[in-house]
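The structure appears below as structure tokens.
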Amino acid sequence: MERPVRIYRSRRPLKTALIVFFSLLAALILIALAVFFGFRRYIVYTSDGVKLEVPWLQEPGEPGDADAAESGGGAL
């Protein structure tokens, strides 16, 4: 009676692809959460809608948080 031949099988390609896909998905979710919570302080709610006022992206002449703080218009 012959013994059945055992062949080494590595991980299946579908399983490897799913592991890579879900790892990338988890990394993208973590990056999105970090960006959301990082920029949360720059979100401004106005009557026109929601604006994102990032100081380093504003033009030097545009009104922003820095100009309001200098003129005394901003209250904490």
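What's the exposure ranking of Ser23, Ser47, going from fewest to most Cβ atoms within 10 Å? Display every interim value, and only then the final one.
Values: Ser23 10, Ser47 4.
Placing the least packed residue first, the sequence is Ser47, Ser23.
From the Cα gyration tensor of the stretch 1-62, with a ≥ b ≥ c the square roots of its eigenvalues, which class applies: rounded if a/c is under 1.5, or else prolate if a/b is larger than b/c, or else oblate?
prolate
How would you order 15-21, 54-60 from highest to lowest mean count of nearby Cβ atoms within 10 Å? Before the final figure, lay out each step's value.
Values: 15-21: 10.6, 54-60: 8.6.
Top to bottom by mean Cβ count within 10 Å: 15-21, 54-60.
None of the figures in this text is laboratory data; all of them are computed from the coordinates on show. The structure displayed is predicted, hence computed values, not measured ones. Quick reminder, even Gly has a Cβ in these numbers, built from the backbone with ideal geometry, and neighbours come from all protein chains shown.
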